[in-house]
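J.: Dropping the structure in here first, questions after.
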Amino acid sequence: MDEKRPLGPDDAVLVVDVQNDFCPGGALPVDRGDEVVPILNRWVREAERAGALVVATRDWHPEHHVSFHDRGGPWPPHCIQGTWGAELHPDLELPPGTPILHKADEPDKEAYSAFDATGLDELLRERGVRRVFVGGLAQDVCVRATVLDALERGLETHVLVDATRPVDPGAGDRALREMAEKGARLRRGDP
Ligand code: VGL
Ligand code: ZN
């Protein structure tokens, strides 16, 4: 298999949760989380040129989501529907009409993967996508969960390593190793 085969119409670039709350100044900031933006912009531009699909996701919590501290969850409140923190980073450049899928929007249910009740499965199937390139935030949480789900679905799955950053600095390398062991290809640099 050609590791560096250029993007084409049966590929998709998944831009996971590049939202203000996961960037410096946000409610659950990932260290240098905003640095993924210019790299992702280059992948998105290449996808557009190649006729590949681009899909973005947003963590989209109701107030008092089950994952928040006030309900015994692991996180401070973040990405609350309709707030500034839940908006995509303003420098992210998505082609017009890019599907933006929402996840973890049910009050009592945690969901980390972009495949969890978002419609992503159907979208990829409709478009005949066989290979996905995943970047965004956070490397050790939603990117990890999305990549593992993509592998389980039999998709050839590439992690855009430079375009992801971990929310727990100690967990990033572990997550990358796990994803690679399960069959993900770790891809560095630009397209
Ligand atoms: C995420 C923590 C809590 C993520 C979402 O998008 O990686 N991390 N909710
Ligand atoms: Zn969340």
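J.: Could you name the aspartates and glutamates in cross-link range of LYS103, using Cα to Cα under 12 Å and dropping any fewer than eight places away on the same chain?
T.: ASP17, ASP59, ASP116
J.: First check a/c for the range 87-191, with a ≥ b ≥ c the square roots of the eigenvalues of its C-alpha gyration tensor; if it is under 1.5, answer rounded, and if not, answer prolate when a/b is larger than b/c or oblate otherwise. Intermediate values should be presented prior to the final figure.
T.: Values: a/c = 1.24, a/b = 1.17, b/c = 1.06.
In terms of gyration-tensor shape, rounded.
J.: Give, as a single signed number, the net charge of other residues whose beta carbon lies under 10 Å from the beta carbon of PRO107, with Lys and Arg counted +1 and Asp and Glu -1. Spell out each step's value before the answer.
T.: Numbers: positive: ARG71, LYS109; negative: GLU63, ASP105, GLU106, ASP108.
In short, -2.
J.: If you place +1 on the Cβ of every Lys and Arg, -1 on the Cβ of every Asp and Glu, and leave all else neutral, what size is the dipole of the chain about its Cα centre, to the nearest 20 Debye? Before the final figure, lay out the partial values.
T.: On the way: 23 positive and 35 negative charges, 129 e Å.
The calculated dipole for the chain is roughly 620 debye.
J.: Could I ask something else about it? Rounded to the nearest 5, what % of the DSSP beta bridges within the range 11-187 are antiparallel ones?
T.: On the way: 1 of 27 bridges.
Of all bridge pairs located within the range 11-187, approximately 5 percent are antiparallel.
J.: Return the lysines within reach of LYS182: Cα separation strictly under 18 angstrom, same-chain partners fewer than 8 residues apart disregarded; answer none if there are no such residues.
T.: Hits, sequence-local ones excluded: zero.
J.: With a 1.4 Å probe and all protein chains left in place, how much accessible area per residue does the chain have, in Å²? List each step's numbers first, then the result.
T.: Numbers: 8630 Å² over 191 residues.
On a per-residue basis, 45 Å².
J.: Let me ask something additional. For LYS4, go through the aspartates and glutamates and keep the ones whose alpha-carbon is under 13 Å away, minus same-chain ones fewer than eight residues off.
T.: Straight-distance partners of LYS4: GLU156, ASP190.
J.: Then there is this: Any idea how far the Cα center of the range 33-108 sits from the one of the range 146-169, in Å?
T.: 15
J.: In addition: Please report the carbon-and-sulfur percent of the accessible area for the range 32-120; probe 1.4 Å, protein heavy atoms only, DNA, RNA and ligands left out. Before the final figure, lay out each step's value.
T.: Values: 2160 of 4150 Å².
Answer for the range 32-120 is 52 percent, counting heavy atoms of protein chains only.
J.: Between ASN41 and ARG5, what length comes free when the chain is fully extended (0.36 nm per residue of separation minus the Cα-Cα distance, one decimal in nm)?
T.: Working: separation 36, 0.36 × 36 = 12.96 nm, distance 1.92 nm.
Length gained, ASN41 through ARG5: 11.0 nm.
J.: Please state the shape class of the range 38-123: rounded when a/c is under 1.5, otherwise prolate if a/b exceeds b/c and oblate if not, all from the C-alpha gyration tensor.
T.: prolate
J.: Let a ≥ b ≥ c be the square roots of the eigenvalues of the Cα gyration tensor of the range 11-187; is it rounded (a/c under 1.5), or, if not, prolate (a/b larger than b/c) or oblate?
T.: On the way: a/c = 1.40, a/b = 1.33, b/c = 1.05.
Rounded shape, in that the Cα axes give a/c under 1.5.
J.: Counting Lys and Arg as +1 and Asp and Glu as -1, each charge on the Cβ, what is the dipole of the range 92-145 about the Cα centre in debye, to the nearest 20? Numbers along the way, then the final one.
T.: Working: 7 positive and 10 negative charges, 77 e Å.
The dipole of the range 92-145 has a size of about 360 debye.
J.: Per DSSP H run of at least 4 residues, take -39500 (n - 2.57); add these up for the chain, divide by its residues and hand me the 222 nm value, nearest 500 deg cm²/dmol. Could the numbers behind the result be given before it?
T.: On the way: 4 runs with 44 residues, N = 191.
Counting only the DSSP helices, I get -7000 deg cm²/dmol.
The values are calculated or read from the model by the stated rules, or taken from the named source; none is laboratory data. Not measured: the values here are computed from a predicted model. With ideal geometry, Cβ positions are generated from the backbone for all residues, glycine too; neighbour counts draw on all protein chains shown. Just the protein is used for accessible areas: all its heavy atoms, side chains included, with ligands, DNA and RNA removed. Shrake-Rupley method; radii C 1.70, N 1.55, O 1.52, S 1.80 Å.
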